[in-house]
Amino acid sequence: MIANPQPNYLTPQDYLDWEKHQNIKYEYINGEVFAMTGGTIPHNEIAVNLIAALKNHLRGKGCKVLSSDAKVGISDNGPFHYPDGMVTCDERDKYAIEFVRYPCLIVEVLSPSTEAIDRGKKFKHYRRIPTLQEYVLISTDQINVECFRRNAEGIWELHPYTEENELYLTSINFDCTLEMLYENVELSS
C-alpha cells in the first residue's frame, strides 16, 4: 500500500465518487486514500485457487464469492478495504454495487509488504464487522494458513493449518486440502 501523495481529507462519499474514476484501486482509512499495489504470481495463484473452490462450493446457495476487485466497507462511512477474497451470504449485500458490508468470511493472501497491515490494522477493522465469522491469512512463502474464527462468546480464536491439515471454514461449511490451495504455486522458500 502506498499513501496518496495528496494529503487532502476526503469524506467517505467523496472517496467513493472519486475512486470510480481512478485507474487503480485505493483503500480508504480516516479520510485518507492508499493506492493498492499488485501482487506476485504465487499470491494470485493462491487467491484464484481458493476463490474457484469457494465459488464451486457455494454455487446456488445465495452467497456471493468476491475477489480482490470488490471492496468491503466496515461501515457506510468506511474504512474501505480490498481483501483478496470474501464471501457474503447476507441478504443486505444481495444488490450491493460499490461495496459489501456484511461478509461472513474475509481472506488475505500475505505478502512481505502487507503482512503487518493485514495482521494488524486491517484485522482490527474487520473485527468490527458483526457478520464476520472467519478471517483467513494465507502465506505465500510456505504452506501455512491461519484462520481466526469468532467463537460463541465473540472472542477470536486462532486455528492454524499446515501441510498435514485440511482447511475447514465453518462459516460456509467448506473444506479443502492445502495441496489444492497451493496447487501450481512455486513457494519462495
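May I ask you to list the residues in region 125-137 that are farther than 18 Å from LEU58 by Cα and over 13 Å from the mean Cα position of the chain (by Cα)? Of everything in region 125-137, those that are farther than 18 Å from LEU58 by Cα and over 13 Å from the mean Cα position of the chain (by Cα) turn out to be ARG128, PRO130. Within region 166-189, if we keep just the residues that are in a loop (DSSP other than H, G, I, E, B) and among the charged types (D, E, K, R), the residue that is surrounded by the most Cβ atoms within 10 Å (Cβ to Cβ) turns out to be GLU183. Among the residues of region 21-36, those identified as without any contact (Cβ under 8 Å) to a residue 40 or more places away in the chain and outside any strand (DSSP E or B) are HIS21, GLN22, ASN23, ILE24, GLY31. Of all the numbered requirements in (1) assigned to a loop (DSSP other than H, G, I, E, B); (2) within 22 Å of GLU32 (Cα to Cα), LEU132 misses one, and that requirement is (2). Among the conditions (1) among the aliphatic types (A, V, I, L, M); (2) free of Cβ contacts under 8 Å to residues at least 12 places away in the same chain; (3) more than 25 Å from GLY62 (Cα to Cα), the only one that ILE97 does not satisfy is (3). In the set ILE97, ILE106, only one residue is closer than 25 Å to TYR26 by Cα, open to solvent by less than 20 Å² (accessible area, probe 1.4 Å) and either assigned to a loop (DSSP other than H, G, I, E, B) or touching a Phe, Trp or Tyr at 6+ places or on another chain (Cβ under 8 Å) (or both); that residue is ILE106. Do we find that GLY39 is open to solvent by 50 Å² or more (accessible area, probe 1.4 Å), over 19 Å from MET180 (Cα atoms) and of a type in the set (Gly, Ala, Ser) in this structure? Yes; evaluated as a whole, the condition is true for this residue. Within region 137-165, the set of residues being open to solvent by 70 Å² or more (accessible area, probe 1.4 Å) and either of a type in the set (S, T, N, Q) or farther than 20 Å from GLU186 by Cα (or both) comprises GLN142, ALA152, GLU153, ILE155, GLU157, LEU158, PRO160. Name the single residue, out of those in region 111-121 being open to solvent by 10 Å² or more (accessible area, probe 1.4 Å) and without any contact (Cβ under 8 Å) to a residue 40 or more places away in the chain, that is nearest to ILE29 (Cα to Cα). For region 111-121, the residue satisfying everything is GLY120. Of all residues in region 67-89, exactly one satisfies the criterion of being open to solvent by 40 Å² or more (accessible area, probe 1.4 Å), of a type outside the set (Ser, Thr, Tyr) and either in contact with a Cys (Cβ under 8 Å, 6 or more places away or on another chain) or in a strand (DSSP E or B) (or both), namely CYS89. Screening the candidates LEU54, LEU58, LEU105 for the property of being closer than 19 Å to ARG128 by Cβ and within 19 Å of the chain's Cα centre (by Cα) yields one hit, LEU105.
The values are calculated or read from the model by the stated rules, or taken from the named source; none is laboratory data. Just so you know, these numbers come straight off a predicted model, no measurement behind them. Positions of Cβ are generated from backbone atoms using ideal geometry, with glycine treated the same way; all protein chains shown enter the neighbour counts. Note: areas computed on protein heavy atoms with side chains; ligands, DNA, RNA excluded. Shrake-Rupley method; radii C 1.70, N 1.55, O 1.52, S 1.80 Å.
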